[in-house]
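K.L.:
One structure follows; several queries about it will come next.
What follows is calculated from the coordinates using simple rules that are stated; it is not laboratory data. From a predicted model like this one, the values you see are computed outputs, not experimental measurements. Heads up, the Cβs are rebuilt from the backbone with ideal geometry, glycines too, and the neighbour counts pull from every protein chain shown.
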Amino acid sequence: MGCCQAKPGGLSKDDRATRWRSTGIVALRDSKLKELPVDVVSIAASVRTLDATHNKLGSIPEEIENFVNLQRLILVENLLERLPLTVGKLRSLKVLLLDSNRLSLLPEEVGLLQRLERFSVSGNNLKSLPSTIGNLSNLIQLDVSKNSLETLPESIGNCKSLEELIANDNMLQELPDPLGSLSHLKTLILSNQKLKQLPPFLLRDCTALQTLMLHDTLIPADQLHQMEGFEGYEQRRRRKYDKQIDANVILDSRGFDEGVDIPSGAK
């Protein structure tokens, strides 16, 4: 098949398979692939990183289950509409990046990826997340931005290692109360949707939170300021910016970003 004849770096198919097997890294970015090459599947057990960003992959083969040592699966900017149920057998997976595809549903089997630390599905067509996402106890970063999510599952409160949740540009109107139990959460980005309020004890119980972005939502600054735990959050936020200034980090055009939209003329 034409999609399997690419020769990255001028290598023959045999030579590149040998290199992939020895390094454990399969790099297939910008290769115009419509499916994974057979020679990649044939060395599945040797692959630790598979990067097929910016191709035309319409599906992932059921044989993905044979990639038993895979730690990083990067399939950004493809044409994926679904994930096979066998993706749940990638028990060594730590990084799963599926941004800019056509996914409208994630299988419950995603919750079997117990070692997953970074999961990104930004820019898809998701309306919901599987409840099993709460089983991802080692998840540190979750990016579900730029989808059509109407809610987040209650089980997200079980992602006890979560430090960064990016969920801007969705259709969220409310958040589950268990979100407040994420004691390691440092960054929460919720901008550009119809959110009217936050879980009542979010600022009190998320004791590591230092970045909260609520721009272009229906949550006014006054409401945030009146929440229990606001003072502690404000201290952490200011410490973060103080460190950035001390390190000569250049802030964006908003400078000291309040995280919410402040009415013109307000102090």
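K.L.:
Report the trypsin sites (Lys or Arg not before Pro) located in the stretch 177-223 that are in a DSSP loop and have at most 14 other Cβ atoms inside 10 Å of their Cβ, or state none.
P.N.:
Numbers: sites: Lys186, Lys194, Lys196, Arg204; in loops: Lys186, Lys194, Lys196.
The qualifying sites are Lys194, Lys196.
K.L.:
Less than 20 Å apart at the alpha-carbon level, and either on another chain or at least 8 residues along: which lysines does that give for Lys127?
P.N.:
Lys146, Lys194, Lys196
K.L.:
In addition: Give the relative contact order (percent, whole number) for the stretch 108-251; include only Cα pairs under 8 Å separated by 6+ residues. Don't skip to the end; give the middle numbers.
P.N.:
On the way: 340 pairs, mean separation 22.9, N = 144.
Result for the stretch 108-251 is 16 percent.
K.L.:
Rounded to two decimals, what is the ratio between the C-alpha radius of gyration of the stretch 95-218 and 2.2 N^0.38 Å? Don't skip to the end; give the middle numbers.
P.N.:
On the way: Rg = 13.1 Å, N = 124, 2.2 N^0.38 = 13.7 Å.
Against the empirical 2.2 N^0.38 Å value, I get 0.96 for the stretch 95-218.
K.L.:
What angle do you read, to the nearest 10 degrees and between 0 and 90, between the alpha-carbon axis of helix 230-246 and the longest principal axis of the chain?
P.N.:
60 degrees
K.L.:
Using the Karplus equation 6.51 cos²θ - 1.76 cosθ + 1.60 (θ = phi - 60°), what ³J(HN,Hα) coupling, rounded to whole Hz, does each residue of the stretch 148-165 give in order, writing x for Gly and Pro?
P.N.:
These are the phi-based 3J(HN,Hα) values: 10, 5, 9, 7, 10, x, 4, 5, 4, x, 8, 7, 5, 8, 4, 10, 9, 10 Hz.
K.L.:
Okay, moving on. Working from the pairwise distances between different alpha carbons, so that the mean of 1/r is found and then inverted, what is the stretch 41-162's Kirkwood radius in Å? Provide the component values of the computation, followed by the final result.
P.N.:
Working: mean 1/r = 0.0702 Å⁻¹.
Here the Kirkwood hydrodynamic radius works out to 14.3 Å.
K.L.:
Taking neighbour counts of Cβ atoms within 10 Å as a proxy for exposure, in what order, fewest first, do His225, His215 appear?
P.N.:
Values: His225 11, His215 16.
Ranking His225, His215 by Cβ neighbours within 10 Å, fewest first, gives His225, His215.
K.L.:
A further question on this structure: Given 4 °C and 1.567 mPa s, how large is the Stokes-Einstein diffusion coefficient of the stretch 2-246 in µm²/s, with Rh as the Kirkwood radius over Cα pairs?
P.N.:
Details: Rh = 19.3 Å.
Rounded to a whole number, D works out at 67 µm²/s.
K.L.:
Now for a different question. Calculate, in whole percent, how much of the Cα-Cα pair population of the stretch 126-166 lies beyond 16 Å. Could you put the intermediate results ahead of the total?
P.N.:
Working: 243 of 820 pairs.
Tail of P(r) above 16 Å: 30 percent of Cα pairs.
K.L.:
Quick one: angle between helix 13-23 and the longest Cα principal axis of the chain, in degrees between 0 and 90, rounded to 10, please.
P.N.:
50 degrees
K.L.:
Can you work out D for the stretch 12-63 in µm² s⁻¹ from Stokes-Einstein, where Rh is the Kirkwood radius over C-alpha pairs, the temperature is 20 °C and the viscosity is 1.002 mPa s?
P.N.:
191 µm²/s
K.L.:
Shifting gears a bit: Within a 10 angstrom radius of the beta carbon, how do Ile245, Ile43 rank from fewest other beta carbons to most?
P.N.:
Numbers: Ile245 12, Ile43 16.
By the 10 Å Cβ count, ascending: Ile245, Ile43.
K.L.:
Determine the calculated [θ] at 222 nm for the chain from helices alone, applying -39500 (n - 2.57) to every DSSP H run no shorter than 4 residues and normalising by the residue count; nearest 500 deg cm²/dmol. Mind showing how you got there, number by number?
P.N.:
Numbers: 5 runs with 41 residues, N = 267.
Helix-only estimate at 222 nm: -4000 deg cm²/dmol.
K.L.:
Additional query: Given the stretch 45-104, what whole percent of its Cα pairs are spread farther than 18 Å?
P.N.:
Numbers: 473 of 1770 pairs.
The calculated P(r) of the stretch 45-104 puts 27 percent of pairs beyond 18 Å.
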